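The numbers here are math on the coordinates, done by the rules we state, and not lab data. Predicted model, so just to flag it, every value in this text is computed and none were measured. Here the Cβ is made from the backbone with ideal geometry for all residues, glycine too, and neighbour counts use every protein chain on show.
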Amino acid sequence: MSTNPQFTALDIELANLAKTIANPARIAILKELAKRKTCVCGEIVDVLPLAQATVSQHLKELKDAGIIQGSIDGTKSCYCINWDKFEGLTGDFLSFFKEIISQKCTDEECC
């Protein structure tokens with residue numbers, strides 16, 4: 001990501017989050033983790049039509065972004081949503097969308 005001073009830290013964080021979740025498998029993983037409301041181990045592979053290695057890579061990307069958290073105990077990995085981070089980012093995205101909508105043009109102004 002550019003270090004252009006025009007971009008705030010929040011702009012960069014939102015762009016990185018959008019890039020991280022811009023994959024249907026990652027969306028499915030987040031939905032599954034939220035639905036289960038608990039730390040989920042190997043069962044994620046059972047509900048997705050993807051290979052174990054692919055699921056692991058998606059989990060790694062979500063974890064690296066801080067959206068999920070997890071622990072590894074031997075060969076067993078467990079994951080859950082990092083609700084503090086997720087709720088903070090949700091609020092940031094809502095603020096961003098409200099800011100854009102507040103600047104909506106009228107029919108006469110738009111092309």
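Computed over the chain, the convex hull of the alpha-carbon atoms projects to a mean area of 9.8 nm².
What number comes out for the charge environment of residue 44, summing +1 per Lys or Arg and -1 per Asp or Glu over other residues with Cβ under 15 Å away? With Lys, Arg at +1 and Asp, Glu at -1, the neighbours total +4.
Computed over the alpha-carbon atoms, region 62-111 gives an Rg to Rh ratio of 1.36, Rh here being the Kirkwood radius from the mean inverse distance. Specify the angular offset, from 0 to 90 degrees and rounded to the nearest 10, of the alpha carbon long axis of helix 9-21 from the longest principal axis of the alpha carbons in the chain. The helix 9-21 is inclined about 50 degrees to the chain. Given +1 at the Cβ of Lys and Arg, -1 at the Cβ of Asp and Glu and no other charges, the dipole of the chain around its Cα centre is 520 debye to the nearest 20. Helix 24-36 and the long axis of the chain differ in direction by around 70°, with both axes built from C-alpha atoms. Note on the chain: helix-only mean residue ellipticity at 222 nm, from DSSP H runs of 4+ residues weighted -39500 (n - 2.57) and normalised by residue number, equals -18000 deg cm²/dmol.
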